[in-house]
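Read through the structure below, which is laid out as C-alpha cells, and then see the notes.
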Amino acid sequence: MNVHNEVKITLSSKSSNESFARVAVSAFFAQLDPTVDEITDIKTAVSEAVTNCIVHAYKDTIGSIYITLRILKDNKVYIKIRDVGCGIPDVKKAMEPLYTTAQNEERAGLGFAVMQSFMDNVKVYSKEGRGTTVVLVKKLEPRCQNG
C-alpha cells in the first residue's frame with residue numbers, strides 16, 4: 001500500500017462526535033480537491049460507520065472509536081474505522097439490507113448498504129467481544145493541475 005499521507009483520530013463513542021468525524025474526514029481529504037459529490041459520499045459512509053460504533057458496538061456505554069485516514073496512490077482514499085466493542089456475530093447477515101439488531105423502530109438496518117453504495121470497496125472484519133473494523137476505499141476522479 002503506497003501511502004502519500006495519513007492521519008489517525010481517536011474519539012469517544014458519543015453521538016456528538018459523529019459530526020466531528022464527518023468534518024475531520026472531509027478536511028483531510030480536501031487536499032485531493034474532491035468534487036462535492038465525492039466528499040458527500042465519503043462523509044455519508046463515514047457517518048454510517050461511526051454511528052454503527054456508537055449505537056451497536058458500545059450499546060449503552062462509552063468506548064473509543066479509532067479512525068485511520070490515508071491518501072493512497074492513484075487518488076484513492078482509505079478509511080478504517082475500528083471499535084473494540086461487542087463485535088458482530090454474523091457479518092454476512094449484518095450486511096444484508098434492513099437487518100438490524102437495534103431494539104427500537106429508529107434504525108432501518110441500511111448502514112452497510114449505504115456504505116457500499118457510496119464507496120468502491122467496503123470490508124468488515126469482526127470478532128464477538130473484541131470489536132469491529134470497517135475499511136472503506138474510494139477512488140476519486142483525477143483533477144487537472146494548472147501550471
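Every test in (1) farther than 14 Å from SER16 by Cα; (2) in a helix (DSSP H, G or I); (3) polar (S, T, N, Q) is passed by ASN52 save one, and that test is (1). Out of everything in segment 23-38 that is surrounded by fewer than 20 Cβ atoms within 10 Å (Cβ to Cβ) and under 15 Å from LEU136 (Cα atoms), what residue ends up being farthest from the chain's Cα centre (by Cα)? Selected residue: GLU38. Just so you know, in segment 41-66 the residues that are farther than 17 Å from THR132 by Cβ and in contact (Cβ under 8 Å) with a residue 40 or more places away in the chain include one that is surrounded by the fewest Cβ atoms within 10 Å (Cβ to Cβ), and it is THR44. Let me confirm something: among TYR66, TYR58, which residue is modelled with pLDDT of 95 or more and under 17 Å from LYS14 (Cα atoms)? None of the other options fit; the residue is TYR66. For segment 104-147, a residue qualifies if it is in a loop (DSSP other than H, G, I, E, B), of a type in the set (Gly, Ala, Ser) and at pLDDT 85 or above, and exactly one does: GLY129.
Filtered by the rule that a residue be exposed (fewer than 12 other Cβ atoms within 10 Å of the Cβ) and not small (Gly, Ala, Ser), segment 1-22 gives MET1, ASN2, VAL3, LYS8, THR10.
Taken over segment 11-49, residues that are among the basic types (Lys, Arg) and part of a helix (DSSP H, G or I) amount to 2.
The values are calculated or read from the model by the stated rules, or taken from the named source; none is laboratory data. All of these numbers come straight from a predicted model, not from anything done at the bench. FYI the Cβ positions are ideal-geometry reconstructions off the backbone, even for glycines, and counts take in every protein chain you see.
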